[in-house]
């Protein structure tokens, strides 16, 4: 391969002339499959005498080619085999990529790191065990560039295994047995070198150690001694002073290499404590003993360093935001443990006053951003992705935790807050901090009677006046504080009226955008928690809605779409006249969000919020068909745009909209939409089948005659199900595919004879391949049972045609499998279909399959089992309908912990053991012995312990069929059906009846009688209901006699 020619082609790909660029790209596309091409590209990238932009273009081209074509691809039937890089070229790349990373400048190293990551993912350890030796050789050489390249490669190796389970990390652990001691020794040597280059290497080593340990701690690789060595390194880095960086802007300081190293050391310290070092709160039981060793071994030394850093912050010495965040996160975990709390307690009030309060106060930087770019101010305040960039959320979390969990801290914190709020000398920034702290503690204050009774006065005295404050940020803070107290039980109804008035006024009239946003959220919170709030909003609801739509468009803030949804649900009737306008506005805003490029993650969240809001509008308007008629065309445009442009990010929400658009009736436009859905499915929608399913269910069930009027619709449905059941998309999507087949069969009874053979063959052929879950097995069986219920003769003929003469007949095999798996049918629908299928089977007379005589003794016991499950499922459903959630008024219910108590995590796997241990300890302190042990209930039978879900409704049961309709007069009752079939057999086919019942035990005979009694009761109840529906019982008019005579 001519390197010179390739270099010129790469140079041409970065030419400003688009025609030259296109020609070069086309030529590369023609020759990239030639053996030798890929190594030549890497060779060009490594040449120092080639211009940097050309090398960079080559590195990017190489990265894209490796990412798409490194591994061998399986070819799909009827499609050309996708290109894969030849193994000869792959071997050459593996042999030289680490050298390339070592010698490359940083800008190219970044691209090559992605290449090496991809190669490791595919080829390590199998085809490329040598990467470990490549790394170790460079680590042992004295060349600093060699260290850097080796560490970059090693980081990619560790990142590949970062989130894998312990058992999947064996190759990594074997490699790290060699490499970890090497990087530890390198780190120890680097600690004495304070140069910038040394800092960057130290940072890379800490990132490797973090990726190695942050998800799972390999205790066989990292012994206590090794762990202690690394913790000591992190402690020293946290403690060592930072060189003077006063010449750098505060915004640039976090990028100062010394701060970056400190940040990574603290990441490790915090992570080790929260996951493996916090007794009773560890991520896995296997770390419990480790945690009990960790706490006394490291707590004192680490807290000493962390408190010193906080002391620097108190004295106005710069500490980077991420370092502060980590320290506050460590303290939040530490306050739960008596051992660490005793060390923190003497400093806690000072931390609240001199660290948390300043962090939570409005700053000059906040003010500048508020004034210059309110949109960016809002984005930062509401963006969950920004939580680590600022220590404010960590400060809130520590304040809340310590005031809630440790006795005596809340009164001291409130004392500090009230001093600021009542001080005539406090400025707006300080007042903001104090109100911020009050809002953060809202739920704690509302649970303590001593404070709860004063909250109302506090709000009216100190928060209401801030709505008149000339400083916009104080008006926003006033709205924010109120919404955190939305669950307050107000004694004076006028206070609620004033809260709503203030919020509405701020939303409609304030000139500052952040104030409007906070006011809108305040409205939502009070409407959600207080039934009396709506009356104060109703008269201005149209203006409020209009303003909301405007600021949603202006801010593209996802939280505001939730406000809009609450407004729609609360004021549906009032919004009827403007529903179309709202829908159009939301659709236009959605288009606007799609067109904007920046912050794609946030834009996606906002766009999803808008789609969900449109869906809410359709849902609340579903009882107003005239309004829906006007909304549908607008929503159809949005849906069509997403499908036609294949915007897969929004498929889930879009299929939800399709479901709403087809819920009551299906317009001609929506039948056309079905064609588009089928195209989307075939192109890139296979992964979304579970999301498509509710809409497909509507297409089949809402207007079945229209569905069947065009055979292509039925064939498209079948093709989608076939794709699901033949391409291994996972058993859950496969279950949905089988469910759709069953729904179609039951919905279209007697109308689709021609396709039943295809349906049955598809379901049975899936059963011939490996099936891991009982759900998929029963779902495929249900398709065949549905076909039996649809037309037993047709099914038996199909099964007969499928059978091979030499083997057991398919019908025989199917019936045996069905009876064997009866206990796997769960919920109401599945059991009911099973009962109806068995009733159909036993009442076939002379046409019944021969195998039935062989299995006759199993049929009635299986029916009894099904009816027992049904009985419990119906009872469970009735109980669920009856149960209403009761919310207890919690009063001082959360007792704070005294200094010598540890917090217990109720969700921990060993919660009961923790309680037992604490009980013993407390008893010993009180001078008596207590025995506390956890016993398993040995008598309990796991098989009898069905979950409520298993009893009542399986995940697929929401896709209803005609047999699930219990309200119609013609509804099918499985108990009544069974009794009628069984009674008929006893008179019409006594020999078969005798065979079915001859082996029954006394208990089974009794159960059978109970089923018959239940059938009579259900029949009578249904008849009463029908009479009631038709106007009730009619008694003939009788003349009432003046006296009664009893007896003869």
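The values are calculated or read from the model by the stated rules, or taken from the named source; none is laboratory data. Everything quoted here is computed from the prediction, not taken from an experiment. Neighbour counts are summed over all protein chains in view; Cβ atoms, including those assigned to glycine, are modelled from backbone coordinates with ideal geometry.
Taking the criterion of being farther than 22 Å from residue 1015 by Cβ and surrounded by fewer than 17 Cβ atoms within 10 Å (Cβ to Cβ), the residues of segment 849-878 that qualify are 850, 853, 854, 855, 857.
Counting only residues that are outside any helix (DSSP H, G or I) and touching a residue at least 12 places away in the same chain (Cβ under 8 Å), how many does segment 94-130 have? So the answer is 6. When segment 400-426 is filtered for residues that are closer than 27 Å to residue 519 by Cβ and outside any loop (DSSP other than H, G, I, E, B), the ones remaining, listed by number, are 400, 414, 417, 418, 420, 421, 422. Among the residues of segment 130-161, those identified as within 20 Å of residue 186 (Cβ to Cβ) and within 30 Å of the chain's Cα centre (by Cα) are 155, 156, 157, 158, 159. Among the residues making up segment 285-320, those that are touching a residue at least 40 places away in the same chain (Cβ under 8 Å) and more than 17 Å from residue 227 (Cα to Cα) are 285, 303, 305, 306, 307, 308, 309, 310, 313, 314, 318, 320.
Inspect segment 345-356 for any residue being under 22 Å from residue 516 (Cα atoms), touching a residue at least 24 places away in the same chain (Cβ under 8 Å) and either out of contact with any helix residue (DSSP H, G or I) (no Cβ under 8 Å at 6 or more places or on another chain) or not in a helix (DSSP H, G or I) (or both) and give the result as yes or no. The answer is no; no qualifying residue exists.
Residues are listed down the side, and each one gets a yes or a no for (1) without any contact (Cβ under 8 Å) to a residue 60 or more places away in the chain; (2) part of a helix (DSSP H, G or I); (3) within 20 Å of residue 958 (Cα to Cα); (4) over 34 Å from the mean Cα position of the chain (by Cα):
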site	(1), (2), (3), (4)
841	yes, yes, no, yes
846	yes, yes, no, yes
854	yes, yes, no, yes
859	no, yes, no, yes
867	no, yes, no, yes
880	no, yes, yes, no
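Checked against (1) surrounded by fewer than 23 Cβ atoms within 10 Å (Cβ to Cβ); (2) under 26 Å from the mean Cα position of the chain (by Cα); (3) at pLDDT below 95; (4) not in a loop (DSSP other than H, G, I, E, B), residue 397 passes all but a single condition, namely (3). Filtering segment 23-42 to residues that are within 17 Å of residue 60 (Cβ to Cβ) and out of contact with any helix residue (DSSP H, G or I) (no Cβ under 8 Å at 6 or more places or on another chain) leaves 25, 29. Of the listed requirements (1) more than 35 Å from the chain's Cα centre (by Cα); (2) over 29 Å from residue 105 (Cα atoms); (3) not in a helix (DSSP H, G or I), residue 164 misses just one: (1).
Residue 803 falls short on exactly one of the conditions (1) more than 24 Å from residue 774 (Cα to Cα); (2) in contact (Cβ under 8 Å) with a residue 12 or more places away in the chain, and that condition is (2). Among the residues of segment 317-326, is there at least one that is touching a helix residue (DSSP H, G or I) at 6+ places or on another chain (Cβ under 9 Å), at pLDDT 95 or above, assigned to a helix (DSSP H, G or I) and surrounded by fewer than 19 Cβ atoms within 10 Å (Cβ to Cβ)? Checked segment 317-326: no residue is touching a helix residue (DSSP H, G or I) at 6+ places or on another chain (Cβ under 9 Å), at pLDDT 95 or above, assigned to a helix (DSSP H, G or I) and surrounded by fewer than 19 Cβ atoms within 10 Å (Cβ to Cβ).
Tell me yes or no: at least one residue of segment 488-497 is crowded, with 17+ Cβ neighbours inside 10 Å and assigned to a helix (DSSP H, G or I). Yes, segment 488-497 has at least one match.
Condition (residue is outside any helix (DSSP H, G or I), at pLDDT 95 or above and buried (at least 18 other Cβ atoms within 10 Å of the Cβ)) applied to segment 437-449: is it met by at least one residue?
Looking through segment 437-449, at least one residue is outside any helix (DSSP H, G or I), at pLDDT 95 or above and buried (at least 18 other Cβ atoms within 10 Å of the Cβ).
From the list 530, 557, the lone residue that is modelled with pLDDT under 95, within 30 Å of residue 623 (Cα to Cα) and outside the structural domain of residue 623 (by TED's automatic domain parsing) is 530. Selection of segment 139-167 for residues being under 18 Å from residue 218 (Cβ atoms) and touching a helix residue (DSSP H, G or I) at 6+ places or on another chain (Cβ under 7 Å) yields 154, 155, 157, 158, 159, 160, 161, 162.
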